[in-house]
Amino acid sequence: MSIIPEDHINRDISLIEKISKQDASALSELYDRHSTLLYSVIVRILKEKTEAEDILQDVFVNIWQRAEMYDERLGNPIAWLCRVARNKAVDRVRSKNYRSRAQESDIEDFHELFSADINDIPDRRAMLSSQQEDIFIALTSLPVEQKELVEFAYFRGYTQSELAEYFKIPLGTVKTRIRTAMSALRQKLRHHFV
């Protein structure tokens, strides 16, 4: 027996059916009825309110676009909505861009070093371990066009397609430059991986 009153379930089913026919007022009502619950599910997963607000909007865009996918035989509408919210939040956690932003504070010092001239910040350089310093030197020795692509890919979480679009260069060029840079880095740092 469901804890949710039958009339609430029936109203949600009716709203989802209307949404599948592109009824914006039904989407608005569904949002009013369940956004607080879905937001709390998302925040619990992401642990970040701003990101949760973005994901909540994505959830309702997804519901708008795919309402016809709801099958009441597989559970009540609230369970379906929570599953959509959970999946969107988990996808964000798994996404490279989110992980990159979440870890940004952990690599901030190294990123600052990587972006600067090594001679400009000797105190910071002294804080690096020998291995970190070798990595820093190897990265800064790359040609600028390779260094930028590596920085954007590994420190900022851009995909190769996003890099091609951002730098306005062909995807093949991005792949070649990153592959060349990684090969050079492997060669310069091979003594760390013996």
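The values are calculated or read from the model by the stated rules, or taken from the named source; none is laboratory data. Bear in mind the structure is a predicted one, so any value in this text is a computation, not a measurement. Please note: Cβ atoms are built from the backbone with ideal geometry, for glycine as well, and neighbour counts cover all protein chains shown.
For region 61-68, check the following and say yes or no: at least one residue is within 15 Å of the chain's Cα centre (by Cα) and under 17 Å from Glu29 (Cα atoms). Within region 61-68, not a single residue is within 15 Å of the chain's Cα centre (by Cα) and under 17 Å from Glu29 (Cα atoms).
Taken over region 164-175, the criterion of being farther than 11 Å from Glu145 by Cβ, within 21 Å of the chain's Cα centre (by Cα) and surrounded by 14 or more Cβ atoms within 10 Å (Cβ to Cβ) is satisfied by Ala164, Tyr166. Among the residues of region 83-107, just one is under 24 Å from Ile16 (Cβ atoms), hydrophobic (A, V, I, L, M, F, W, C) and either at pLDDT below 85 or surrounded by fewer than 19 Cβ atoms within 10 Å (Cβ to Cβ) (or both), namely Val90.
In the condition set (1) out of contact with any helix residue (DSSP H, G or I) (no Cβ under 6 Å at 6 or more places or on another chain); (2) modelled with pLDDT of 90 or more, Ile19 is compliant with all but (1). Pairs linking a residue in region 72-96 that is touching a residue at least 40 places away in the same chain (Cβ under 8 Å) to a residue that is of a type in the set (Asp, Glu) and part of a helix (DSSP H, G or I), with Cβ atoms under 7 Å and 6 or more positions apart or on different chains, are Pro77/Asp12; Ile78/Asp12; Lys88/Asp58; Arg92/Glu51.
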